[in-house]
1. Is there a residue in the stretch 348-356 that is touching a residue at least 12 places away in the same chain (Cβ under 8 Å) and either aromatic (Phe, Trp, Tyr) or part of a loop (DSSP other than H, G, I, E, B) (or both)?
2. Take the residues of the stretch 153-171 that are in a loop (DSSP other than H, G, I, E, B) and open to solvent by less than 40 Å² (accessible area, probe 1.4 Å): which is nearest to the ligand (Cβ to nearest atom)?
3. How many residues does the stretch 290-319 contain that are open to solvent by 10 Å² or more (accessible area, probe 1.4 Å) and more than 12 Å from the ligand (Cβ to nearest atom)?
4. Quick one: in the stretch 185-202, of everything that is open to solvent by less than 30 Å² (accessible area, probe 1.4 Å) and not polar (S, T, N, Q), which residue is nearest to Gly61 (Cα to Cα)?
5. Give just the number: which of (1) at pLDDT below 95; (2) out of contact with any Phe, Trp or Tyr (no Cβ under 6 Å at 6 or more places or on another chain); (3) open to solvent by less than 20 Å² (accessible area, probe 1.4 Å); (4) closer than 20 Å to His200 by Cβ does Ala73 not satisfy?
6. Could you identify the single residue in Leu321, Leu316 that is farther than 27 Å from Ile381 by Cα and either modelled with pLDDT under 95 or in a helix (DSSP H, G or I) (or both)?
7. Determine which single condition Val254 fails, assuming it passes every other condition in (1) farther than 21 Å from Gly85 by Cα; (2) of a type outside the set (S, T, N, Q); (3) over 20 Å from the mean Cα position of the chain (by Cα).
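The values are calculated or read from the model by the stated rules, or taken from the named source; none is laboratory data. Here the structure is a predicted model, which means the values were calculated and not measured. Quick reminder, even Gly has a Cβ in these numbers, built from the backbone with ideal geometry, and neighbours come from all protein chains shown. Areas reflect the complete protein model, heavy atoms only, side chains present, ligands, DNA and RNA absent. Shrake-Rupley method; radii C 1.70, N 1.55, O 1.52, S 1.80 Å.
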Amino acid sequence: MSDHADEVVVLEPDGLVENGIGRGAPQREQLHALLAMGHSQLERWFPGLTNELTEAGAQLGTGAAIQFYIDGALKTEVPDLRMIGATRSFIEAHVRRRLSDLPNVSIRAGQARDLIIKGSRVCGVRFSSVEGTPPTSTIPDGELDADLVVDAMGRSTRLGTWLQHHGWDPAPLDRMRVDLGYATATFHRGNELPGTVIAHATPGPASAYQPALSEPGALAAVEGNRWTVVLAGYTDYRPGRDPEEFLTRMRRCVAPLQMVADQCAMDGEVKTYHFRESIRRDYTRLTRLPGGLVAVGDSVASVNPIYGQGLTLAALQASALSAYLRRSAYPHSPAWEYFRLAGAVVSAAWQLSATADLAQPHVTGPYPQGYRLIRWVSDKITSASVIDPVVNQTFMDVLHMRAHPRNLTHPRVLLRASRVLLTR
Ligand SMILES: Cc1cc2nc3c(=O)[nH]c(=O)nc-3n(C[C@H](O)[C@H](O)[C@H](O)COP(=O)(O)OP(=O)(O)OC[C@H]3O[C@@H](n4cnc5c(N)ncnc54)[C@H](O)[C@@H]3O)c2cc1C
């Protein structure tokens, strides 16, 4: 936004808190993996950010330092993959500092309460100041005029209600039950796993027949010489807060997590989070939209976090917004073109997570057309990606949102996967 506007005001209930940890976004305590595409988008918008993060203690992983396991089997390495090992709060604090360095951006403490709509366009927001937070800058309750209002209020956004209140339709909502439990704990990091920055274990096709192959979980080497470890489980198998249970489950996961459980001391409590459903608000299906309004991030789509897409999706939407504004879009017009651009990215992320989620017995739809075939092909590609570096490169490019999921069904990839599996 700062490249396109004279002035950008970020309204945030927590204002500019020192360490980036505010009360909003309670999920920020959970391990957040920044996919390769998200990382390059952040570096694009904040050049030098990677160096800044690593100088302050984050770990940069490439090649063999990034380990992906499926059904307990280690996949072949992807040489051009780069991932940052850092907590979300740490990355967020650095991004916020870089934002606040921009001369035309101010971050103010305040909670948006409603849109101001005149005629067919949004021309500002009503807000209230927030009690109980120590803001670094405060503004009295009131109104902010704006040529363009961006809803970045996360998955609990009230934008739909506000639009309805002003006589406009809210965006149609798609939902898919997920019922996923997350638990994150931090450990002191020594020299137990030299050369490991990220280790990530997910169930694959074989887990449908042999559920005990490996617990789903991940670890990241993060700033402050610590490991952050996350465990996940669906429905009744959601991980709890008990540290002993956490360690037991880590020992049923892949080797790096077992090693950390055995050799490192836990630092602090186990923090849990219950993610009930993926949601998507599809603005492209509206027939009327006021001008001067766009939405980004979880306020548009919040998908099963196990695939680590959320931050990258938000970064790609920011890029879509920039592309839209760069084409001299008039901010007072309805932003159909923006929602079309951003919708393409959202659909790709939704397709990837929904296809995988529908394999869970407790997820009962909605099924896309041809789901059985999609599932069958997707299982075969996943199995081939464990043993073949070429199929794995495409698989990981899609997983890291560097390529559209349709690349997985390109005839070249299908042929290669069939050959690999038949040879095996
Ligand atoms: C358990 C869990 C694990 C996850 N793991 C990953 C991962 O590994 N990798 C990944 O990329 N993503 C992950 N995600 C997803 C990621 O957290 C979200 O996609 C991301 O936070 C979306 O960013 P956002 O800015 O849109 O929303 P949020 O981060 O939720 O931020 C919304 C902001 O809006 C503010 N706000 C809310 N209401 C108002 C208001 N009325 N006025 C002003 N401000 C307001 C809040 O204070 C908050 O700061 C995970 C999510 C969960 C739940």
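1. Within the stretch 348-356, one or more residues are touching a residue at least 12 places away in the same chain (Cβ under 8 Å) and either aromatic (Phe, Trp, Tyr) or part of a loop (DSSP other than H, G, I, E, B) (or both).
2. Per the stated criteria, the residue is Gly154.
3. 1
4. Initial filter on the stretch 185-202 (open to solvent by less than 30 Å² (accessible area, probe 1.4 Å)): 185-187, 193, 196-199, 201.
Next, from what is left, pick out any that are not polar (S, T, N, Q): 185, 187, 193, 197-199, 201.
Values: Ala185: 21, Phe187: 19, Leu193: 13, Val197: 5, Ile198: 7, Ala199: 10, Ala201: 17 Å.
Per the criteria, the residue is Val197.
5. (3)
6. The conditions single out Leu321.
7. With (1) farther than 21 Å from Gly85 by Cα; (2) of a type outside the set (S, T, N, Q); (3) over 20 Å from the mean Cα position of the chain (by Cα) applied to Val254, the lone miss is (1).
Results for (1) open to solvent by 40 Å² or more (accessible area, probe 1.4 Å); (2) assigned to a loop (DSSP other than H, G, I, E, B); (3) free of Cβ contacts under 8 Å to residues at least 60 places away in the same chain; (4) within 11 Å of the ligand (Cβ to nearest atom), shown as yes or no for each residue.
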residue	(1), (2), (3), (4)
Ser2	no, yes, no, no
Ala5	no, yes, no, no
Val10	yes, no, no, yes
Gln27	yes, no, no, yes
Arg44	yes, no, no, no
Pro47	yes, yes, yes, no
Gly57	no, yes, no, no
Ala64	yes, no, no, no
Tyr69	no, no, no, no
